[in-house]
Amino acid sequence: MKIRLQTDMKVNMKTILKDSIIHVSDDALKREVRGIVLFWAEKRLLEDGWPRPNSTKAIREYLMENGVIGDITEDLEDI
């Protein structure tokens, strides 16, 4: 038997992007956030230890680690 789950999750983009420089287009940023939220949500259903899918802190850290956004203070130091 297959059961399909569907839900809407709110992600606070304003808080995620606070004091950040975006290194990609708006569309690429939205795709990246949507993709990681969906991935984490699926993984949390199957295994323990995955972040909450709409965790602002976890999404921000993921985006920074993958070069999608940068901390404005670190980027200003490079100038």
- prompt: In a GNM of the chain with a 10 Å cut-off on Cα contacts, which of 28, 58, 41 has the highest mean-square fluctuation?
  reply: 28
Point-charge dipole on Cβ atoms (K/R +1, D/E -1) for the chain, about Cα centre, debye to 20: 760
query: Taking Cα atoms, how many degrees apart are the long axis of helix 56-65 and the longest axis of the chain, rounded to 10 and kept between 0 and 90?
result: 60
- prompt: When the accessible area of the chain is computed with all protein chains present and a 1.4 Å probe, what percentage of it is carbon and sulfur?
  reply: 50
query: Considering the values (1) 37, 26, 18; (2) 57, 26, 17; (3) 45, 29, 17, which represents Cα extents along the principal axes in Å as calculated for the structure under consideration?
result: (2)
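The values are calculated or read from the model by the stated rules, or taken from the named source; none is laboratory data. Remember, it's a predicted structure, so these values are computed and weren't measured experimentally. Here the Cβ is made from the backbone with ideal geometry for all residues, glycine too, and neighbour counts use every protein chain on show. The area values use the complete protein model at the heavy-atom level, side chains included, leaving out ligands, DNA and RNA. Shrake-Rupley method; radii C 1.70, N 1.55, O 1.52, S 1.80 Å.
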